[in-house]
1. With no solvent and one equal point scatterer per Cα, compute the Debye intensity ratio I(q)/I(0) for the stretch 128-215 at 0.10, 0.25 Å⁻¹ and report its log10, rounded to two decimals.
2. Using alpha carbons only, how many angstrom separate the centre of the stretch 131-165 from the centre of the stretch 67-103?
3. How many nm separate the modelled label positions at residue 167 and residue 144, each set 7 Å beyond the Cα in the direction of the Cβ?
4. Let me check against my output: what whole-number percent is the relative contact order of the stretch 42-126, with C-alpha pairs under 8 Å and at least 6 apart?
């Protein structure tokens with residue numbers, strides 16, 4: 001602290017007053033420590049075969065970045081509101097990996113890859129079985145659907161005898177794949193499991209009666 005006396009001389013006499021200068025000394029403080037960060041592996045999906053017939057093997061390939069060997073990679077599918085690991089692999093040189101899943105039962109489920117705490121969606125795993133189907137529409141447009149609404153030429157969906165209304169099914173014919181809901185009841189002809197609406201039939205380029213692959 002520095003105390004000094006200063007005087008001013010106005011016309012009626014000298015007036016003196018004291019001033020005090022306060023000097024603060026600051027000491028540098030250390031910068032707040034940054035939280036330690038860990039780089040999470042980036043997942044680079046490669047070729048995948050996710051549409052297969054039951055009994056065949058589904059495959060997913062790819063690599064990670066940083067491209068180090070020894071990373072643990074998991075393929076997970078959505079089941080019952082949670083993620084279930086269905087295959088595991090370890091990255092090789094360059095971060096390359098390849099996963100294989102031998103399928104047994106028909107299923108259609110979202111799948112993702114998971115590495116070091118990070119995940120990446122890669123689509124749906126569709127495991128198909130073959131089934132007989134027919135189609136319906138002309139002459140019935142405007143009729144009520146068992147699951148609500150009315151049948152129109154643009155209605156996408158299928159009729160099934162027992163699956164709950166709104167159940168999604170994935171249908172495949174050749175390279176064409178559609179995912180639609182159960183919107184009606186039927187078919188009522190023996191030996192056929194599904195009736196396709198006209199719009200669903202068109203997307204699959206299906207004929208009149210025959211077989212398609214289905215997963216649900």
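1. -0.20, -1.40
2. Between the Cα centres of the stretch 131-165 and the stretch 67-103 lies a distance of 39 Å.
3. The two pseudo-label positions are separated by 2.3 nm.
4. Value for the stretch 42-126: 32 percent.
None of the figures in this text is laboratory data; all of them are computed from the coordinates on show. As the structure is a computational prediction, the values presented were derived from the model and not from experiment. All Cβ positions, glycine included, derive from the backbone under ideal geometry; neighbour counts span all protein chains shown.
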